[in-house]
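Heads up: the structure comes next, in structure tokens.
The values are calculated or read from the model by the stated rules, or taken from the named source; none is laboratory data. Not measured: the values here are computed from a predicted model. As a convention, Cβ positions derive from the backbone with ideal geometry for all residues, glycine included, and neighbour counts pool all protein chains shown.
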Amino acid sequence: MSTIRVQNLVKRFEQQTVLQDLNLTIPEGSFFTLLGPSGCGKTTLLRCIAGFNEPDLGSIWFDEDDITRVPAYQRNIGMVFQDYALFPDKSVRDNVAYGLKARKVARDELTARVDEALELVGLKALAERYPAQMSGGQRQRVALARALVIKPRVLLMDEPLSNLDAKLRLSMRDMIRDLQRQARITTVFVTHDQEEALAMSDQIAVMQSGRIAQMDTPEALYSQPVSAYVADFVGSANLLEVEQVAQSVVSVAGQQLIVDTRDATGDGLRKLVLRAEDLSLQARSQVQPDNALPVTLTGRQYLGAKALCRVALDNDEVLQVDVPGLQTFQPGDALWLTVPQTSRVISQ
């Protein structure tokens, strides 16, 4: 296990700066996720940590060891790629053993460690098969066993679940998290899937244009985003422009609401963050509830336990609201949208 420190890292490709003076510390033994859309720099950062990309400026440390210019094969990392990167002409056993053979591990120890790694990922019975004879999930487990068997200082994973179907992704992410906790290996996981990041991580760094927009626990990122970008990327939020008219009071579509304005600083654009599951709807025929806005239902998708509703404000802004699946509002209904007073206003 190692603590990873990235200091003032800059990486350019020709005229484009992909990582911009980036700093972060990844605690020893943690499951740390780099989250963001395509092109934000998350894979470039992972490849710099791995040693596949050499930074233009800055440094990377494993504990007290500066590994910035150390070749990838000398960093003692385990790497799991998106496309598995297995040797098609080698059996499962030989794929897993490859890193140990390169390190000239004695035969008896090699056999024992390969058997242990295959047992961990539930593939010992398939040790003599070849990658082409296996499903995508099984191949990904082989790749994971190959990364773990060398007992690396850090484990790096580049969107390892993106090629799997939805049901298999759920089981694989549970297995990866369980194995990481058991091995207590410092792990850096790259994904663009915010649900994966929230479900698996001890900490998440949300990346934006080569910088870290926010780094925190999953719970804090979801409940206390520092910007509209983070609020919308982590969990997908309704973001409404507001005018702060007094302490704890804002104006939205001509209506006043009581909300949390502590984070609405400066004179710039401010947005009210509304999570779909925090909102509620009532028929407009009822008395107006406290802290409510008049809306019209424009669409409804029944999803079983819940229904996803689209509602329009009087200024034509559209919001998404989660309601119980048994609620029977229909498009065209005039409704009240109740906003919790704990809803937060953030600066853009």
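Taking strands (runs of 3 or more DSSP E) as the structural unit, no element lying wholly within the stretch 194-309 holds at least 3 residues that are surrounded by fewer than 17 Cβ atoms within 10 Å (Cβ to Cβ) and either β-branched (Val, Ile, Thr) or assigned by TED's automatic domain parsing to the domain that holds Gly39 (or both). Only residues that are outside any loop (DSSP other than H, G, I, E, B) and over 16 Å from Leu156 (Cβ atoms) were counted across the stretch 66-83, and they come to 1. Here are Leu168, Leu144, Leu161, Leu155: which of them is assigned by TED's automatic domain parsing to the domain that holds Trp61 and surrounded by fewer than 22 Cβ atoms within 10 Å (Cβ to Cβ)? Every option except Leu168 fails the conditions.
Among the numbered conditions (1) over 23 Å from Ala183 (Cα atoms); (2) in contact (Cβ under 8 Å) with a residue 40 or more places away in the chain; (3) within 22 Å of the chain's Cα centre (by Cα), the only one that Thr17 does not meet is (3).
Within the stretch 13-22, can one find any residue that is of a type outside the set (A, V, I, L, M, F, W, C) and under 30 Å from Arg169 (Cβ atoms)? No, the stretch 13-22 has no match at all. Scanning the stretch 45-65 for residues that are over 15 Å from Ile4 (Cα atoms) and either among the aliphatic types (A, V, I, L, M) or in a strand (DSSP E or B) (or both) yields one hit, Leu57. Yes or no: the stretch 58-71 includes at least one residue that is buried (at least 18 other Cβ atoms within 10 Å of the Cβ) and either among the charged types (D, E, K, R) or modelled with pLDDT under 95 (or both). No, the stretch 58-71 has no match at all.
Results for (1) out of contact with any Pro (no Cβ under 6 Å at 6 or more places or on another chain); (2) farther than 30 Å from Gln16 by Cβ; (3) of a type in the set (S, T, N, Q), shown as yes or no for each residue.
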position	(1), (2), (3)
Thr44	yes, no, yes
Pro71	yes, no, no
Ala117	yes, yes, no
Tyr130	yes, yes, no
Gly137	yes, yes, no
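Only one residue in Leu86, Leu118 is under 24 Å from Ser162 (Cα atoms), in a helix (DSSP H, G or I) and within 33 Å of the chain's Cα centre (by Cα), so which one is that? Answer to the check: Leu118. When the residues of the stretch 319-341 are filtered to those that are modelled with pLDDT under 95 and of a type in the set (S, T, N, Q), the one that is surrounded by the most Cβ atoms within 10 Å (Cβ to Cβ) is Gln327. Counting the residues of the stretch 321-343 that are touching a Ser or Thr at 6+ places or on another chain (Cβ under 8 Å) and part of a strand (DSSP E or B) gives 6.
Across the stretch 1-30, the qualifying residues are those that are assigned to a loop (DSSP other than H, G, I, E, B) and either in contact with a Phe, Trp or Tyr (Cβ under 9 Å, 6 or more places away or on another chain) or not aliphatic (A, V, I, L, M) (or both), and the one among them that is farthest from Ala147 (Cα to Cα) is Gln15. With respect to the conditions (1) in contact with a Gly (Cβ under 9 Å, 6 or more places away or on another chain); (2) within 17 Å of Ile49 (Cα to Cα), Tyr222 lacks only one, and its number is (2). Residues in the stretch 252-279 that are among the charged types (D, E, K, R) and in contact with a Pro (Cβ under 7 Å, 6 or more places away or on another chain): Asp278 only.
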